[in-house]
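Encoded as structure tokens, here's the structure I'll be asking about.
Laboratory data are not the source of any read-out in this text; all were calculated from the coordinates shown. This one's a predicted model, so the numbers in the text were calculated from it and none came from an experiment. All Cβ positions, even for glycine, are placed from backbone atoms using ideal geometry, and neighbour counts span all protein chains on display.
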Amino acid sequence: MPIPTVAFSDERLPNGLRLIIAEDHLAPVVAVNIWYGVGSKHEVLGKTGFAHLFEHVMFQGSAHVGKAEHIALVQAAGGTCNGTTWLDRTNYFETLPSNQLELALWLEADRLATLPAALSQENLDNQREVVKNEKRWSYDNRPYGSWVEKVLAALYPPSHPYHHPTIGSMADLDAASLDDVAAFFRLHYAPNNAVLSIVGDVDPAQAREWVRRYFGPIPANPVLPARLPDMALPETLGGEVREIVPDRVPLARIIWGVRSPPFGDTRLDALDLAGQILAGGKGSRLHRRLVREDRLAQDVALFSMGLVGGASLTCGWATARPGVDLERFEATFWEELERMTREPVSDDELARAKALTEADELGALMRVEERADRLSMYATLLDDPGMINRMLPRYLAVTADQIRDVCASVFVPDNRLVLTYVPAGAAEPAEAAA
Amino acid sequence: MTLVETRPGHGEPRPYHFPAFRRHRLSNGINVITVHLPQRELLTAVLVEAIGAGDERPDEAGLTLLMARALTEGTRSRDAVDLVEAAERLGASLHAEAGWDALSVGVDVPAGRLDPALDLVAEVMSEPSFPDAEVERLRDERLNDILQARADPRRRADEGFIDTIYADSSPYHRPAGGTKATVERIDAGACREMHLRQFDPNRMTLIVGGDLQGIDVPELAQRKLGGWTPSATCEGPRVIDAAAAPNGHRVRLLDRPGSVQTEIRVGHVGLRRRIPDFHAVSVMSAILGGLFNSRLNRVLREERGYTYGAGAGFDLRRAAGPFSARAAVNTEVTVPAIEATLAELEGIRDRPVTDDELHAARDFLVGVFPLRFETPAAVVGAISGIVVHGLPDDELARYRDAMEAVDREAVTEAARAHVRPGDASILLVGAADEFLPALEAANLGAITVEREPAA
């Protein structure tokens, strides 16, 4: 299949807002997506969870929009919307029938410009409770749920901005005051810290006019970019960290994490392909060996979270079948990873991994919402929205030697955290409960 | 700073119509539906039959889902790894699965490779080998999954809920994947027998969507699939028992000591897909618990902060699937959350929807319609629904008009007919000791508490 190219325009308003527009008139749909260069990495100890709590507050109204009215208006317009917060950034997005673009732009501009006007103790208290329940639902009340926090804490030192999870801690959430929230907004939410992408059935000239009208008057924040501590890290952890975690689970699970090359580094491309070959489906090495042939595992997973601050996080897991010897289980797992560090993968494996990657990329880019998010992502994290067209060719150009080399540097014994979740009350942690 | 106070209006919506599709029929009875979507180069092709977990005898619960998964574990010509690798080389994802209502084998593949991809689909559907070792492995995986489900409070609540509201005679009272007792007995022989009994080309439909320019799908399908003749032992469709449990309104609490949240399910046996008031029911359930500002979410999340999200809806199957209102709330507010939920189930009947509520729901369902069909997979999936539920071909073409015609009266009628808090059961998974006294004091009906056996 020929690789389709996304044609887009890229410009900045005088106040620093970066505007990217890509036309696609195939469907009467338009996606609006705005990335703010603020994530949980901007939080300090004692104030964790603020970026995400703030994302919730963004839906609680602004000068001309009532509490939760943003979502109500978008849904009434036949659209969908949401926001997400992560270590490096916060994004907000709407996908709507194309004749509703102006509304989405007005809504995003109104909350960027005037959110403090609607900021109230009541709304903050309400969303604080919602976020605490999100933490319980996503992590605290789930089997194996503590893994994210543990992996981050082990792979990034306490002083590193990635050390704590985006959801924050209950104590810090409870301590968040209205002043904290207002200060957070004033510092980070500014047009010169934002990338706005509009993709789909759009008239660029009309879109530009609306963007100028609604976003134009919003002043830049000259203090930005916000200072961050030095995020440089050694490529490897410098040791192996191990922890046995008794949990209310019926099956033991080994969850591991390693430091990997930062987002944008071509070595991460090779590592992504390695991930396909190792665990990307039923034809993958770990699935074949652990799940199918040796019958040791119930399931396996491996994926990388691309981060720009020092090192990305590559992690995965293998869930042990009952009665499996965990030492043997773990040894088999590392054996497969270590094989990747010694022998180049076969031509056929590489071709299949590339075919799967291509299908994944093309499938994702078919949707305007995803296209808009990637444009914003590449612009924010790499200052290069054109990467949307170069990413797939990069993957397709990866060689077997490059895969072996990056595995050899990442899958080493002194670069790993190994969590072994075991059924609580298991007498002997070396054995999965039968 | 000049700010624009006035909320903008909207332009004229660009006309949108659900894509037209064409029907053909192969010589062996397989229906073929083609839907041409220009410039969508990643095609979706799905072969579907309206046979699912709901059609199982009680002793074979879970067999359909497992058998479907096992279809890609080997055929007469290829073993599992060969099959997977063949699909991957095409850049195709080959998948076989089943649910309550239907079973399907499908592939997403670049347009230029539809031909070899259909070979895989045909092979998997018509000549699976069900190797003993692979079926055994899948069986063990499902048994382990059953253990995982029990430990996961969300899944445990879902399973406890259906077990509570459905009669034991109904397949809907247990998970689609079966229970330990029934799954333990599954072997390759059972898979082969079900394959012979249920796979009937006369009841299958191949749906292909994407840029079909220059591709003669019916001709291709005839070559790949048209020669397959049904086995002599094919059964016809069955009537699915969706009987409600006889015990009526009750409260069932599955103790999970130390839980920081309680998973709440409130509801009863609901509706099947083929109902005359489908559109009114859709609007009603959006207002009650579908939209972000639905009555349930507004109260439980945005007003009281009890939960990250509360919702309600109908699972419309070939027979009556469950109706449930659901939320995970912090343990301390369990009883007030249940009471608030019940109040909304009463309220949708007694406090008629306002014009604002009606428009919000209707406008959403009508407006979001084109957004649902951006990809061939989404279009093919929707057509698959028409086929499986025996709906008229113009069901999607007239969807928006039918939605626009729903008025407040129709919504209230739908609520009064189909939301019955008086018949509802309540299923809870949480730390019983933290709220049992308050629960008892709330007078919600007879309570049973199930605790873990002491270690």
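Going down the table (A:LYS41/A:LYS150; A:LYS354/B:LYS224; A:LYS135/B:LYS180; A:LYS47/A:LYS67), which pairs top 20 Å between alpha carbons?
Working: A:LYS41/A:LYS150 16 Å; A:LYS354/B:LYS224 27 Å; A:LYS135/B:LYS180 32 Å; A:LYS47/A:LYS67 24 Å.
With Cα atoms farther than 20 Å apart: A:LYS354/B:LYS224; A:LYS135/B:LYS180; A:LYS47/A:LYS67.
Further question: If you take every residue apart from A:ALA372 with its C-beta less than 11 Å away from the C-beta of A:ALA372, what net charge results, scoring Lys and Arg +1 and Asp and Glu -1?
Values: positive: A:ARG367, A:ARG371, A:ARG374; negative: A:ASP24, A:GLU94, A:GLU369, A:GLU370, A:ASP373.
Once all neighbours under 11 Å are counted, the net charge is -2.
With viscosity set to 0.692 mPa s and temperature to 37 °C, compute the Stokes-Einstein D of the protein assembly as shown, Rh being the Kirkwood radius across alpha carbon pairs; µm²/s, no decimals. Please report the intermediate quantities before stating the final value.
Values: Rh = 29.1 Å.
In µm²/s, the coefficient rounds to 113.
Suppose every Lys and Arg Cβ carries +1 and every Asp and Glu Cβ carries -1, with no other charges. What dipole size does the stretch A:1-105 come out with about its Cα centre, to the nearest 20 debye? Mind dumping the intermediate values first?
Values: 6 positive and 10 negative charges, 74 e Å.
The dipole magnitude comes to about 360 debye.
Charges only on Cβ, +1 for Lys and Arg, -1 for Asp and Glu: so what's the dipole of chain A about the Cα centre, in debye to the nearest 20? List each step's numbers first, then the result.
Working: 42 positive and 59 negative charges, 31 e Å.
Rounded to the nearest 20 debye, it is 140 debye.
Over the alpha carbons of chain A, what is the largest minus smallest coordinate on each principal axis, giving the biggest first in Å?
So the extents along the principal axes, rounded to whole Å, are 64, 53, 40.
Which value results when the Cα radius of gyration for the stretch B:199-264 is divided by 2.2 N^0.38 Å?
Numbers: Rg = 24.3 Å, N = 66, 2.2 N^0.38 = 10.8 Å.
It is 2.24.
So if each residue of separation counts as 0.36 nm, and I subtract the Cα-Cα distance between A:VAL44 and A:VAL223, what length gain in nm does that give? Walk me through the intermediate numbers first.
On the way: separation 179, 0.36 × 179 = 64.44 nm, distance 1.80 nm.
Extra length from A:VAL44 to A:VAL223 when fully extended: 62.6 nm.
Follow-up. For chain B, what is the relative contact order in percent, using Cα pairs closer than 8 Å and at least 6 residues apart in sequence?
Computed value for chain B: 21 percent relative contact order.
Let me ask another. When Rg is the radius of gyration of the Cα atoms in the stretch A:2-112 and Rh is its Kirkwood radius, what does Rg/Rh come to? Working shown, then result.
Values: Rg = 15.6 Å, Rh = 15.5 Å.
Taking Rh as the inverse mean 1/r over Cα pairs, Rg/Rh reads 1.01.
Determine, for each peptide in B:22-34, A:337-349, A:40-52, the mean count of other beta carbons within 10 angstrom over its residues, then list the peptides with the highest first. Display every interim value, and only then the final one.
Details: B:22-34: 17.1, A:337-349: 15.3, A:40-52: 20.9.
Taking the mean over residues of other Cβ atoms within 10 Å, the ranking is A:40-52, B:22-34, A:337-349.
What does the average come to when, for each residue of peptide B:151-159, you count the partner chain Cβ atoms lying within 10 Å of its Cβ?
Numbers: counts 9, 7, 5, 3, 1, 0, 0, 0, 0.
If you average over the peptide's residues, the count of other-chain Cβ atoms is 3.
How high is the relative contact order of chain A, in percent, counting Cα pairs under 8 Å that sit 6 or more residues apart? Don't skip to the end; give the middle numbers.
Details: 835 pairs, mean separation 93.8, N = 434.
Reported as a whole number, the value is 22 percent.
Please work out the FRET efficiency for the pair B:ASN28 and A:ASP265, using the Cβ-Cβ distance as r and a Förster radius of 41 Å; give the result to the nearest 0.05. Walk me through the numbers on the way to the answer.
Values: r = 54 Å, r/R0 = 1.32.
Calculated value: 0.15.
Run a plain Debye calculation on the stretch B:57-127 (Cα atoms as equal point scatterers, no solvent) and give log10 I(q)/I(0) at q = 0.27, 0.28 Å⁻¹, rounded to two decimals, same order as the q list.
-1.22, -1.28
How big is the convex hull of the Cα atoms of chain B, per residue, in Å³?
Spread over its residues, the Cα hull of chain B gives 187 Å³ apiece.
Only Lys, Arg, Asp and Glu count, each charged at its Cβ (+1, +1, -1, -1), so figure out the dipole size of the stretch B:327-395 about its Cα centre, rounded to 20 debye. Working shown, then result.
Working: 4 positive and 13 negative charges, 40 e Å.
Here the size comes out at about 200 debye.
Which peptide among B:124-137, A:366-379 comes first, and what is the full order, when sorted by highest mean count of other Cβ atoms within 10 Å?
On the way: B:124-137: 19.1, A:366-379: 23.1.
Per-residue mean Cβ counts within 10 Å order the peptides as A:366-379, B:124-137.
Would you compute, from DSSP H runs of 4+ residues alone, the mean residue ellipticity of chain A at 222 nm, taking -39500 (n - 2.57) per run and dividing by the full residue count, rounded to the nearest 500? Please report the intermediate quantities before stating the final value.
Details: 14 runs with 173 residues, N = 434.
Estimated from H runs of four or more residues: -12500 deg cm²/dmol.
Determine the calculated [θ] at 222 nm for chain B from helices alone, applying -39500 (n - 2.57) to every DSSP H run no shorter than 4 residues and normalising by the residue count; nearest 500 deg cm²/dmol.
Numbers: 15 runs with 170 residues, N = 455.
-11500 deg cm²/dmol, from helical runs alone.
For the stretch B:149-283, report the translational diffusion coefficient in µm²/s to the nearest whole number, using Stokes-Einstein at 37 °C, 0.692 mPa s, and a Kirkwood Rh over Cα pairs. Present the calculation step by step, with values, prior to reporting the outcome.
Values: Rh = 19.6 Å.
The calculation lands on 167 µm²/s.
Okay, next question. Other chains' Cβ within 10 Å of B:78-91 residues: what's the mean?
Mean partner-chain Cβ count within 10 Å for B:78-91: 5.
According to a simple spin-label model (label point 7 Å from Cα along Cα-to-Cβ), what is the distance in nm between B:ARG238 and A:ALA171?
Between A:ALA171 and B:ARG238, the simple spin-label model gives 5.8 nm.
Then there's this: Given the C-alpha atoms of the stretch A:130-240, compute the convex hull and give its volume per residue in Å³.
Details: hull volume 23.2 nm³, N = 111.
Per residue, the Cα convex hull of the stretch A:130-240 comes to 209 Å³.
A further question on this structure: Given 4 °C and 1.567 mPa s, how large is the Stokes-Einstein diffusion coefficient of the stretch B:215-345 in µm²/s, with Rh as the Kirkwood radius over Cα pairs? Spell out each step's value before the answer.
Values: Rh = 18.0 Å.
After rounding, the answer is 72 µm²/s.
I would also like to ask the following. Give the distance, in whole Å, between the Cα centre of the stretch B:96-116 and the Cα centre of the stretch A:84-117.
One Cα centre to the other: 37 Å.
Given a cut-off of under 8 Å on Cα pairs at least six residues apart, what relative contact order in percent is computed for the stretch B:1-90? Write out the running numbers ahead of the final one.
Details: 40 pairs, mean separation 10.5, N = 90.
Normalised by residue count, the contact order of the stretch B:1-90 is 12 percent.
Hey, how many Å between the Cα centroid of the stretch A:269-296 and the Cα centroid of the stretch B:336-392?
39 Å
Answer with one residue from A:TYR156, A:ASN133, A:ASN82: the one whose Cα lies farthest towards the positive end of the charge dipole of the stretch A:49-197, charges on Cβ with Lys, Arg +1 and Asp, Glu -1.
Going by the charge dipole, the pick is A:TYR156.
Next question. Project the alpha carbons of the stretch B:119-227 onto their principal axes and report the range along each, largest first, in whole Å.
Dimensions of the stretch B:119-227 along the principal axes of its Cα atoms: 52, 31, 25 Å.
What does the extension gain come out to for B:ARG197 and B:GLN213, with contour length at 0.36 nm per residue minus their alpha carbon separation? Could the numbers behind the result be given before it?
On the way: separation 16, 0.36 × 16 = 5.76 nm, distance 3.70 nm.
So the extension gain works out to 2.1 nm.
Shifting gears a bit: Be a star and scan the stretch A:72-88 for residues whose amide nitrogen sits under 20 Å from the point 7 Å along the Cα-to-Cβ vector of B:GLU404.
Of the residues in the stretch A:72-88, A:75-79 have backbone N under 20 Å from the label point off B:GLU404.
Return one quarter of the surface area of the convex hull spanned by the alpha-carbon atoms of the stretch B:356-426, equal to its mean projected area, in nm². Spell out each step's value before the answer.
On the way: hull surface 27.5 nm².
Convex hull of Cα atoms, orientation-averaged projection: 6.9 nm².
Which whole-Hz couplings ³J(HN,Hα) result when phi for each residue of the stretch A:278-291 is put into the Karplus expression 6.51 cos²θ - 1.76 cosθ + 1.60, θ = phi - 60°, listed in order with x for Gly and Pro?
7, 9, x, x, 5, x, 7, 5, 5, 5, 4, 6, 7, 8
Also, quick follow-up: Suppose we take every Cα in the stretch B:1-87 and form the convex hull; what volume per residue is that in Å³? Display every interim value, and only then the final one.
Values: hull volume 28.9 nm³, N = 87.
Once divided by residue count, the hull of the stretch B:1-87 is 333 Å³.
Across the Cα atoms of the stretch A:200-306, what radius of gyration and what greatest pairwise Cα-Cα distance (Dmax) are found, in Å?
22.9, 64
Considering only A:PRO234, B:THR375, A:LEU196, whose Cα is most displaced toward the positive end of the charge dipole of the protein assembly as shown, charges sitting on Cβ of Lys, Arg (+1) and Asp, Glu (-1)?
B:THR375
Now for a different question. Which whole number gives the average count of other chain Cβ atoms within 10 Å of the Cβ atoms across peptide B:107-115?
Values: counts 0, 3, 2, 6, 1, 1, 2, 0, 0.
For this peptide, the per-residue mean of nearby foreign Cβ atoms is 2.
A further question follows. Got a sec? Charge dipole of chain B, +1 on Cβ for Lys and Arg, -1 for Asp and Glu; which of B:LEU254, B:ALA442, B:GLY267 is way out at the positive end?
Sorting the options by dipole projection puts first B:GLY267.
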